[in-house]
Each structure stands twice: as C-alpha cells, then as structure tokens.
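Here you go, one structure.
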Amino acid sequence: MCGVSGTPECNERSYLIDDITVMIELFADLMSTPFVSLRLEAVDSNACRKFHIDAVTARLICTYRGAGTQYGFTVDDQPPKTFASVPTGSPILSRGTRWPETPQSGLRHRSPPIEGTGATRFVMVLDVAGGLRRDVTL
C-alpha cells in the first residue's frame, strides 16, 4: 500500500505499517475472524456527517491525521446532546447494528465536520470481511 502510494521509506512509514498490522491482528482476534476488510482513505469532506451506528457487526476506526472521530451516547435516534472526540492516533471500536446481542449500543459516531476548512484526515477503518464471523463474546 505504501509503495503504491509513493510513501517514502522512513521511520514514520514503518511505524504506520506496524501500527496497522497490530490493529488488524487484534481486531481479527477479538472478532474471531480470519478475514478483515481494511480501508485507508484521505478525507477532506464531511464524509459521515450525522451521528450513526454502522450496519456492520463491529468497526474499528483510527484517524492517523487530522481530527479524530466524534462520538456520543443516546438512547433514542436523536443526535447526542454532548459528544467527545477520539484523540488522533487512537482507535475507537464500536458495535454495529448487526451485533448479535441486545440491547443495541447507545454509542453513535460521526466524522468531524471539516468541509471547507482545508483540513484533511487520514483514516483507517476495519470491518469483518464478507460478513464472516464466529460467535463473539466480550
């Protein structure tokens, strides 16, 4: 991935590759799955501007550059009244609507609004690939 994008070989590149590898291994182990979907993207818009729960079993998001994912809790479908931001470089793991247990999580998240500010975020997203999953117990 780094070679294709032209990222030069340096300590920071090695750190990024190592960090992503560790997160993939931890997420795959936690979700008891042999397959993980990895998405890396540069975001300069309000990608997911509304607070929501993803239509997945669980999702791990880590922002490596720019403002981190915003999150808050609510018991209804309204946006959270208060919210916080995940620190840049720190992951957030959230249950999705396909999580096998109830009640559904009250945790909602969104991309921070950055459109028109000139800011760019570099974000990693991990999902269970192809919906394959063994029973999950936390």
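The values are calculated or read from the model by the stated rules, or taken from the named source; none is laboratory data. These figures come from a predicted structure and were not determined experimentally. Neighbour counts run over all protein chains shown; Cβ positions are idealised from the backbone, glycine included. Accessible surface areas use protein heavy atoms only, side chains included; no ligands, DNA or RNA. Shrake-Rupley method; radii C 1.70, N 1.55, O 1.52, S 1.80 Å.
Specify the residue that is least open to solvent (accessible area, probe 1.4 Å); the eligible residues are those in segment 48-66 that are aliphatic (A, V, I, L, M) and closer than 15 Å to residue 104 by Cα.
Taking the candidates together, the pick is 58.
Quick one: residue 20 ticks every box in (1) over 26 Å from residue 106 (Cα atoms); (2) open to solvent by 40 Å² or more (accessible area, probe 1.4 Å) bar one, so which box is it?
All conditions are met except number (2).
Considering each residue of segment 67-89, count those that are open to solvent by 40 Å² or more (accessible area, probe 1.4 Å) and part of a loop (DSSP other than H, G, I, E, B), and give that number.
Here the count works out to 11.
Right, another one. Restricting segment 90-116 to residues that are part of a loop (DSSP other than H, G, I, E, B) and either among the aromatic types (Phe, Trp, Tyr) or in contact (Cβ under 8 Å) with a residue 60 or more places away in the chain (or both), which is most open to solvent (accessible area, probe 1.4 Å)?
115
Looking at (1) in contact with a Leu (Cβ under 9 Å, 6 or more places away or on another chain); (2) modelled with pLDDT of 95 or more; (3) within 27 Å of residue 116 (Cα to Cα), which is the only condition residue 86 fails?
(1)
Okay, next question. When you check residue 37 against the structure, is it more than 19 Å from residue 113 (Cβ to Cβ), of a type outside the set (A, V, I, L, M) and assigned to a loop (DSSP other than H, G, I, E, B), yes or no?
Taking the combined requirement at face value, the residue does not satisfy it.
Would segment 39-47 turn up any residue that is open to solvent by 20 Å² or more (accessible area, probe 1.4 Å), under 14 Å from the mean Cα position of the chain (by Cα) and farther than 26 Å from residue 25 by Cα?
yes
Residue 124: crowded, with 18+ Cβ neighbours inside 10 Å and more than 13 Å from the chain's Cα centre (by Cα), yes or no?
Considered against the rule, which asks whether it is crowded, with 18+ Cβ neighbours inside 10 Å and more than 13 Å from the chain's Cα centre (by Cα), residue 124 comes out as no.
Something else: Which residue is nearest to residue 67 (Cα to Cα), if the candidates are limited to segment 4-34 and must be part of a loop (DSSP other than H, G, I, E, B) and not small (Gly, Ala, Ser)?
7
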